[in-house]
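Values quoted throughout were computed directly from the atomic coordinates according to the rules given, and no laboratory measurement underlies them. Source: prediction; values computed, not measured. FYI the Cβ positions are ideal-geometry reconstructions off the backbone, even for glycines, and counts take in every protein chain you see.
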Amino acid sequence: MEKTTNITAAVDSESCGTMVPRPFIIEKIRKNTADTFTIELKAVDGGDLKFLPGQFNMLYVYGVGEIPISISGDPARPNTQVHTTRVVGNVTRALRRLEAGDTVGVRGPFGTAWPIKEAEGNDIILIAGGIGLAPLRPAIYHILEKRRKYGKAILLYGTRTPADILYIKQLEQWRSRFDFEVDVTVDRDVEGWAGFVGVVTTLIPKAPFDPLNTIALTCGPEVMMRFTVMALQQRGVPTRNIYVSMERNMKCGAGLCGHCQMGPKFVCKDGPVFTYESLKDLFNKREI
Amino acid sequence: MEKPKPKLGDQMVISRSKFGTLFTSLQKAGYSIIGPTVSNEAIVYQELSSCEELPQGWTDRREPGTYRLEKRDDQALFGFNVGPHSPKKYLFPPEHVFWTAQRKESGYEVYEDKSELPRYAFVGLRACEVNAVLLQDKVFTSGEHVDQHYQKLRDASLIVAANCTQADGTCFCVSMGTGPKAEKGFDLALTEVLDGEQHYFVVEVGSKRGAAVLGGVSFRRAKPKELKLAEEACDRAAGQMGRTLETDGLKDILQSNPDSVHWDKVAKRCLSCGNCTMVCPTCFCTTVVDRTDLKGTSCERIRRWDSCFTNEFSYINGGSVRQSTKSRYRQWMMHKLANWIDQFGTMGCVGCGRCITWCPVGIDITQEAAAIREREGDQASIGKVKEDEHAVT
Amino acid sequence: MQSLEPYLAEHPFLKGMDRRHIELLVGCASNVRFDEGQYIFREGDESNQFYFIRHGKLALEIFCPHKGGIVVHTRTAGDVLGWSWLLPPHLRHFDCRAVDLTRAIALDGTCLREKCEQDHELGYEIMRRFAHLMESELLELRLQLLDIYGKNH
């Protein structure tokens, strides 16, 4: 047996080819809401992990397992990997129990990116549901960084209750900018919430964008994305300009384990970001 | 007589009595020989030390849900069809340890097994199996991310194919264009001929590596009659296919009918046991599990064959995407016969018939495909005729 | 005073409606303004108006003991709010509060119901538009009921 920690530490993009994760140290771990948390990771070797908005990493917790989690940090700061996730299974539960200074393994980044380059010169609308805001945040960082390259920029974000809103301070900061329209709506009000109550799709008909010159990015539960796509189509956004981010069981992230297949697509390498156009025959099929 | 130097495409003859020299030549070259042998009432792949361990005088009879060994009335070494195993057992092992880790005071350290991998020489692979290896090559080594363990094993391996001289109830390689004669992907290809008292193998050289191995083997140039007999033996097998699969237009028929009621009919019989995926020589899905000691001081990360027929396979966020048996059978068959084409350019089926043979209830992929074609393909064409009629009137 | 006709004629809710019918609507319309925090109506009140919101935000609430008013949905500029005026017994089912300073055009229900009775073509047009509004609100409600951001989605 040969020790390979150092070997894996030396590689960056090549680390995708191996199943050996690169060791990262938890810098910060904090609770966002009752069931979500954010971790910030730095490579033990001190190096960067460059990624594109929309991509994901495979995160490994010693002795427990490995899962795909979208990257939710700033692509301009590749020396820190930020992941926001919800506690749903063994690995996320174990991850939640870790503390600053603990080690986790990282493989990635994997998958396709949001079309932030293609969207330049157009209006851009981001529609997030629940934890679906996390994979969209790197795109938001990028858009705000290069704000002049886009027309109108709009974020519509729907969540369960006001207590479930992610990144609430950041949302307030973004909202205070004059060049970024942020609307948040909740399914249920429980504590004197002054914002919108209703599902996120109801915000689409009135959002101020030019349907024919808009790129729409949506991420959230599949039900929410289906109705979001319908509402966007009703506004006249061409299906080729609508992008969705899919989620499937993944074991490798590299198109080898077969788990993430959705019809002929491998969600890990053909996705997770797809044009709706390329998925439309599969999107409404049951149990595909 | 001076021994001719074998070249690519050459055809030689090895007599039965000298066949052992093939084994010694492979062993001398450092190969572990993997070949068919009789074990537990089946012909399986195992590491062999001599050609005498081959299933001499045995054959197998396969029907949907049935597999039986029978004695032949001759001493053929390769006088059978295919058993439950395939070369994927070696090139893509059922269980593979990615790495192990030790817990340290801060964090943990990862160790990868870098010991030298075996060099396999597969003797007696059927044409369908050689094609299955080529399909798995594409899956594991043609994409952006390469399965390095597979690639290393594969690069070091050598294939001595054995062309089929008979076929049985669940064979349909002719429909898939993958047999019964190996056309590509082999280093050497044998055709066994039993002609009265004569028992010999016509060997075709498929690669320089194959030619080099042949250097240590006792052979002679093939006579035209011997080549003709070998050819006829393969042709005979081609005529014995127990099944056919009509592949024309099948991809479109399947992909445009994910809601066909026929999937419900198959689901009533399917036990969702996953046998078909385990015996399939091309199925490549895996899961990864962690195995730790009780104290948690060390752990292993292990890749294992997985099956799209399990509930956990598509598990995500508190539920499985494919809850019903119907959706799982559909996933498996649609992947093999349709989606594989989009992913890798060809169908993922080589017509070996294992899934039919080893299905406990005898579900037959060729029949199911034909049934969906009959139900849905016809409707599609009727629809077209109607449209044409409209166009005329 | 500026006529309300141009606003109503261009409102998506009334899109494609006959000019003659718009004029009948204008006859029942008036400008209204609600201050932040003001309750516009309460559950059980007689329902005699519906609103085209021009500016601001209105919240529909149900009062729960110990919890106060629970907002069930919100409506903003461009939305139409209120349909209980249309159907007997013409009573409000919710409390309605102005979340921000809100300006709207109020349509008088008694006035409009009379006109609908006299002109069934107008009645059909109004009913058809409200049916659509109800359908989309029902869809919204059903999606809310799914609790799609919960654990099992």
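Overview of results
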item	result
As computed over the stretch A:5-109, the Cα convex hull volume per residue (Å³)	90
Folded to 0 to 90 degrees: helix C:109-118 orientation relative to chain C principal axis, Cα	50
Geometric extent, Cα atoms of the stretch B:221-345 - Rg, Dmax (angstrom)	21.3, 69
Residue among B:Y108, B:Y329, B:Y45 with the largest mean-square fluctuation in a Gaussian network model of chain B, springs linking Cα atoms under 10 Å	B:Y108
C:L91 long-range amide H proximity, modeled H, under 5 Å	C:S47
Partner chain coverage, peptide B:339-348 - average Cβ within 10 angstrom	2
GluC sites (Glu not before Pro) restricted to DSSP loop in the stretch A:184-279 with at most 11 other C-beta within 10 Å	A:E191
Hydrodynamic radius (Kirkwood) for chain B, which is based on Cα pairs only, to one decimal in Å	22.9
All lysines inside 18 Å of B:K228 as judged from Cα atoms, apart from same-chain residues fewer than 8 positions distant	B:K181
Proximal aspartates and glutamates relative to A:K149, as straight alpha-carbon distance under 17 Å, when same-chain residues fewer than 8 apart are discounted	A:E118, A:E120, A:D123, A:D179, A:E181, A:D210
Long-range HN-HN contacts of B:A76 with modeled amide H, under 5 Å	B:G57
Phi-based couplings in Hz for the stretch B:78-85 (Karplus 6.51, -1.76, 1.60; Gly and Pro marked x)	10, x, 9, 9, 9, x, x, 7
Rounded to whole Hz, the Karplus (6.51, -1.76, 1.60) HN-Hα couplings of the stretch C:124-133, x for glycine and proline	5, 4, 5, 4, 4, 5, 6, 4, 5, 4
Per residue Cα convex hull volume in Å³ - calculated over the stretch B:176-240	88
Around C:E43: net Lys/Arg minus Asp/Glu count, Cβ-Cβ under 11 Å	-1
Cα pair count fraction exceeding 51 Å, expressed as % - the protein assembly as shown	33
Hz values of 3J(HN,Hα) by residue in the stretch A:90-98 - Karplus curve (6.51, -1.76, 1.60), Gly and Pro given as x	4, 5, 5, 5, 5, 4, 4, 7, 6
For B:L54, residues with placed amide H under 5 Å, excluding near neighbours	none
Set of lysines near C:K67 by C-alpha distance (under 23 Å), chain-local residues within fewer than 8 positions excluded	C:K57
Rounded tilt (10° steps) of A:133-145 against the dominant C-alpha axis of chain A	80
Computed E for B:A267/C:L87 - FRET, C-beta separation, R0 56 angstrom, nearest 0.05	0.75
Among B:S207, B:S115, B:S86: highest mean-square fluctuation, GNM of chain B, C-alpha pairs under 10 Å	B:S115
Residue-averaged beta-carbon neighbours from other chains (10 angstrom radius) around B:135-145	3
Among A:M19, A:M224, A:M58: highest mean-square fluctuation, GNM of chain A, C-alpha pairs under 10 Å	A:M19
When each of A:K152/A:K285; B:K89/B:K114; A:K117/A:K280 is checked by Cα-Cα distance, pairs over 26 Å	A:K152/A:K285
Whole-number D in µm² s⁻¹ for the stretch B:1-122, Kirkwood Cα-pair radius fed into Stokes-Einstein, 25 °C, 0.890 mPa s	137
